[in-house]
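Comments concern the structure below.
The values are calculated or read from the model by the stated rules, or taken from the named source; none is laboratory data. Since we're looking at a predicted model, the values are computed, not measured. Neighbour counts run over all protein chains shown; Cβ positions are idealised from the backbone, glycine included. Each accessible area value is taken on the protein alone, full model and side chains, heavy atoms only, with ligands, DNA and RNA left out. Shrake-Rupley method; radii C 1.70, N 1.55, O 1.52, S 1.80 Å.
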Amino acid sequence: EKTKRQLANQIRGLLLEFGIVIEQGESAFHRRIPEILEDVDEQLPPLLRAGIAHSYETYEALHEQKEARDVELKKYVQANADCRRLMALEGVGHISALGLLVRLRGGDYDSGHNAAACIGLTPVQHSSGEKVRMGRIAKQQGSTLRSCLFLGARSVVCKLKHREPTTEKERWLKQLIARRGIKCAAIALANKTVRTAVAMLRNGNDYQPQPLAANAA
């Protein structure tokens, strides 16, 4: 994925030197590069055109490899009972579910709090006398899993901001959004996700969010 991004940025940068701007996003990149290479009216030096064509072929090969890996990964996750159960958690997709399973099963965590701290989802405490202040979230090892969990949680938070909560967790999250904002709420949700995942894997439980009392019938 990193090599793909580097190639795409390199191609974008070269074309920008000739005044050709490509909109952000993979779909725009996939659409525009073949158009640019096939357009004889684009005043690109032949050597540059050949170089971009070669780089784009490499990019496409990496993209196809990634797509194939994603298909296999999804098949594995869907066949794994623990992963399927973890995907019931808010904001957890197949990559996060597998990451949680590997990390939590492979680590000897005595509590969900410790697991969240090791993944990097617990604020650092700063003590001064009798005062304890919660600082920024520490970026520790396992940053890929941390990023996946945060992005998934952020998506949930952004959607919830514009609708009414239906569960007790969503009500807690909605209140947190109002008090602390989207980023803080997303980190808090990701933290709670890890802690819940630890309990689920330890006890073999399914995830069952508690409905709001007003909606429970």
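Below, the figures for the structure above:
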{"item": "Cα lying deepest toward the dipole's positive end in the chain, options Ala197, Tyr56, Ser143, charges on Cβ", "result": "Ala197"}
{"item": "Value of D in µm² per second that Stokes-Einstein yields for the chain, Kirkwood Rh from Cα pairs, at 20 °C (1.002 mPa s)", "result": "105"}
{"item": "Placed amide H near Thr167: partners under 5 Å, 5+ positions off or other chain", "result": "Leu212"}
{"item": "Loop-exposed GluC sites (Glu not before Pro) per DSSP, neighbour cap 10 Cβ within 10 angstrom, longest uninterrupted part of the chain", "result": "24-129"}
{"item": "Listed pairs Lys2/Lys169; Lys159/Lys192; Lys159/Lys183; Lys2/Lys74 exceeding 25 Å between Cα atoms", "result": "Lys2/Lys169"}
{"item": "Test item: Cα-centred dipole of the chain, Lys/Arg +1 and Asp/Glu -1 on Cβ, debye", "result": "1400"}
{"item": "Percent accessible area from carbon and sulfur atoms, region 1-72, protein chains only, probe 1.4 Å", "result": "54"}
{"item": "Phi to ³J(HN,Hα) by Karplus 6.51 cos²θ - 1.76 cosθ + 1.60 over region 44-49, Hz, x for Gly, Pro", "result": "9, x, x, 5, 5, 4"}
{"item": "Two-site label geometry, Ala88 and Cys158: point separation in nm, points 7 Å out along Cα→Cβ", "result": "2.7"}
{"item": "Sequence of Cys118, Cys83 when ordered by accessible area, the most exposed leading, probe 1.4 angstrom", "result": "Cys118, Cys83"}
{"item": "Cα gyration tensor shape for region 42-100, rounded if a/c is under 1.5, else prolate or oblate", "result": "prolate"}
